[in-house]
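Novice: Quick one: this structure, given as structure tokens, is what I'll be asking you about.
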Amino acid sequence: MWKLSKHLKLSRANSELERLLLERTAALQNLSHRLLILQDDERRKIARELHDNTGQTLAALRMAISCLQESCKANSAALAMASDVAQLADQALDEIRTMSYLLHPPLLDEVGFPCAAEWYIEGFSKRSGINVKADIANSPERLPKRVEIALFRVLQESLTNVHRHSGATDASINFQHDAEAAILEIRDFGRGITRERLLLLSGASAETGVGLAGMRERLRELDGNLEIQSDGQGTSMRATVPIRATSPPAQFEGGGEVGLSALA
Ligand SMILES: Nc1ncnc2c1ncn2[C@@H]1O[C@H](COP(=O)(O)OP(=O)(O)OP(=O)(O)O)[C@@H](O)[C@H]1O
Ligand SMILES: [Mg+2]
């Protein structure tokens, strides 16, 4: 009798603990979901501010320097100085434009993932000196907006990782999708990740950087996943996202999250 009541108590405590665990996990997932949406919104806002405010101020400065150059043609020392200032203003304009595009590429809202990806890969290759072979399937149908954002962030983070960690001179990107799923694979031919590190990274340990954890979280929210394969020949990151018939495609989705078209 005593044994039975103890068993009952234990089993009740166990169910209570399980319930608590489920509740906390759901609360944490909810929080990370909201944080990711906030991060996207914040990036979009900063991108717009940079482009519309700082970018416009610099453009005005550039025009003023052109006038200055006209009016000091006779003074070669002043003209040389004005040319230096013009060059610095051009450089600052370029930097602001690149930064705002990277924070939230306007192309993504307007023309969709495949074109935005081509543009990003081309810029990445030029800046990093890494030769990237891209095979990006382009179809007229748009993917759901959240899928497009997730895929773009996976592309950005994976390429940044290739640049920072792999030491590779060559990489390849493959993107395919049908009505059921989208698959994006980023492969490099660099030093790879050691088995021990890979093991640490596959757990939920604090060893994981923000990059991999963020990619996993974005994909998990869409019921997708990230597979990492690595050896001495290089690393491959493969993101798979199911496409639900119920999700509206990107250009039909409304709401405050869209709309950096003014940046283009
Ligand atoms: N392409 C790669 N080649 C070699 N190592 C890689 C590659 N991608 C990731 N790694 C390893 O995985 C680790 C985790 O990557 P993750 O992006 O999560 O963090 P991070 O890049 O170090 O920092 P951050 O939080 O700024 O992204 C890296 O520190 C690196 O050791
Ligand atoms: Mg990273």
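Novice: Go through (1) among the small types (G, A, S); (2) at pLDDT 90 or above; (3) in contact with a Pro (Cβ under 8 Å, 6 or more places away or on another chain) for G234 and report which single condition fails.
Specialist: (3)
Novice: Touching a helix residue (DSSP H, G or I) at 6+ places or on another chain (Cβ under 6 Å), within 16 Å of ligand 1 (Cβ to nearest atom) and more than 23 Å from G209 (Cα to Cα): does that describe V132?
Specialist: Values: touching a helix residue (DSSP H, G or I) at 6+ places or on another chain (Cβ under 6 Å): yes; within 16 Å of ligand 1 (Cβ to nearest atom): yes; more than 23 Å from G209 (Cα to Cα): yes.
When the stated conditions are applied, V132 passes them.
Novice: Pick from E221, E227: which is within 16 Å of ligand 1 (Cβ to nearest atom) and modelled with pLDDT of 60 or more?
Specialist: On the way: E221 fails: within 16 Å of ligand 1 (Cβ to nearest atom).
Only one candidate passes the filter, namely E227.
Novice: When the residues of the range 133-167 are filtered to those that are of a type in the set (D, E) and closer than 20 Å to I243 by Cβ, which remaining residue is farthest from ligand 2 (Cβ to nearest atom)? Quick ask: steps written out before the conclusion?
Specialist: Looking only at the range 133-167, we keep the residues that are of a type in the set (D, E), and these are 135, 141, 148, 157.
If we keep only those that are closer than 20 Å to I243 by Cβ as well, we get 135, 141, 148.
Working: D135: 24, E141: 31, E148: 21 Å.
Per the stated criteria, the residue is E141.
Novice: Could you grab the pairs with beta carbons closer than 7 Å, sequence gap of 6+ or different chains, first residue in the range 131-148 and basic (K, R), second one crowded, with 19+ Cβ neighbours inside 10 Å?
Specialist: So the pair list comes out as R142/G112; R142/A250; K145/A250; R146/L222.
Novice: Just to verify a result, which residue in the range 168-227, among those that are away from ligand 2 (no atom under 15 Å from the Cβ), under 30 Å from P144 (Cα atoms) and among the basic types (K, R), is surrounded by the most Cβ atoms within 10 Å (Cβ to Cβ)?
Specialist: Filtering the range 168-227 for residues that are away from ligand 2 (no atom under 15 Å from the Cβ), under 30 Å from P144 (Cα atoms) and among the basic types (K, R), the one surrounded by the most Cβ atoms within 10 Å (Cβ to Cβ) comes out as R187.
Novice: Same structure again: Exactly one of (1) within 13 Å of ligand 1 (Cβ to nearest atom); (2) out of contact with any Asp or Glu (no Cβ under 6 Å at 6 or more places or on another chain); (3) outside any loop (DSSP other than H, G, I, E, B); (4) at pLDDT below 95 is unmet by M215. Its number?
Specialist: (2)
The values are calculated or read from the model by the stated rules, or taken from the named source; none is laboratory data. Small disclaimer: the values here were computed from a predicted structure and weren't measured. Here the Cβ is made from the backbone with ideal geometry for all residues, glycine too, and neighbour counts use every protein chain on show.
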